[in-house]
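The values are calculated or read from the model by the stated rules, or taken from the named source; none is laboratory data. Predicted model only: the values in this text are computed from it and were never measured. These accessible areas exclude ligands, DNA and RNA; they are computed on the full protein's heavy atoms, side chains included. Shrake-Rupley method; radii C 1.70, N 1.55, O 1.52, S 1.80 Å.
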Amino acid sequence: MQQQLEQQQQRRQHQLPAAAAGEGGPAGAEPPPKPKQQFKFCRMCGGALELVLPDGNWRHVCTQCQYVDYQNPRMVVGTIVQHEGRILLCRRGIEPQRGLWTVPAGYLECGESSAAGAARETLEEAGAQVHIDAPYVMFDIPQISQIYLLFRARLAPPFTFAAREPESLEAALFRPEDIPWDSLAFSSVSIALKHYVQDLERGSFSVHQGVIQKQPGSGPNEPGSFQLVDHVQLDTPAPAPSR
Ligand SMILES: [Zn+2]
């Protein structure tokens, strides 16, 4: 019974108000260009989906049961792992950007905390057990509908790591001055590591939040095709002196 009620409620949340369905968005506002339809079939009833513009955003709506299949940004979680002054990077074994270096990171799973997801991805891609210290960067990338949340972390016992196929071809620790800047896979990783090295040199870590603007149609890490805007840098308190 409870489950039925929850299902009904979930269904109602995914239906458009009758008055809004099929209308063309707020009066006076320029409607966004119609995107390419990503999905064809309704996950509730198997009916055909169509793109409609009920509320200023294009939505996939079922032509049979009116279920609205909302598409929302995805969260990528990962770690910047430090061990004895060096940083753990992995060489990607899968597309996109196969063969280039990145920090361990991947999509957060449902039912998982962001820190647990970051630790899981680090084990899956670099074979490393880690202790998560603190959030480090949160970058929105609106052009690709992703949010990157990377944590500062340290290797935990047994302090070992190894590339895990097929995700990674290689895992290695890099001194800051040896980071392969020209062979990094993603703009988010380039920007995060740049700040990380700056913070290391300064001797104090901040938390960095901002928006990565990418030139439309540019690759995942094309030099000059992206920039961090609305950068907020929160200084974290220095560790308390031990007594
Ligand atoms: Zn349907």
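What does DSSP give for the chain in terms of the percent of beta bridges that are antiparallel, rounded to the nearest 5?
So the antiparallel bridges amount to about 75 percent of the total.
Pop out the carbon and sulfur fraction of the accessible area of the chain as a percent, whole number, probe 1.4 Å.
51 percent
Which ³J(HN,Hα) values, rounded to whole Hz and listed in residue order, are derived for region 96-107 from phi using the Karplus coefficients 6.51, -1.76 and 1.60 in 6.51 cos²θ - 1.76 cosθ + 1.60 with θ = phi - 60°, glycine and proline given as x?
x, 6, 4, x, 9, 8, 8, 8, x, 6, x, 6
How large is the accessible surface per residue of region 174-219, computed with a 1.4 Å probe and reported in Å² as a whole number?
It amounts to 46 Å² per residue over region 174-219.
Quick one: accessible area per residue over region 33-145, 1.4 Å probe, rounded to a whole number of Å²?
In whole numbers, region 33-145 has 51 Å² accessible per residue.
Quick check: the angle from helix 187-202's long axis to the longest principal axis of the chain, C-alpha only, nearest 10 degrees?
Computed tilt is about 40 degrees.
Let me know the volume per residue of the alpha-carbon convex hull for the chain, in Å³.
Enclosed volume per residue, from the Cα hull, is 200 Å³.
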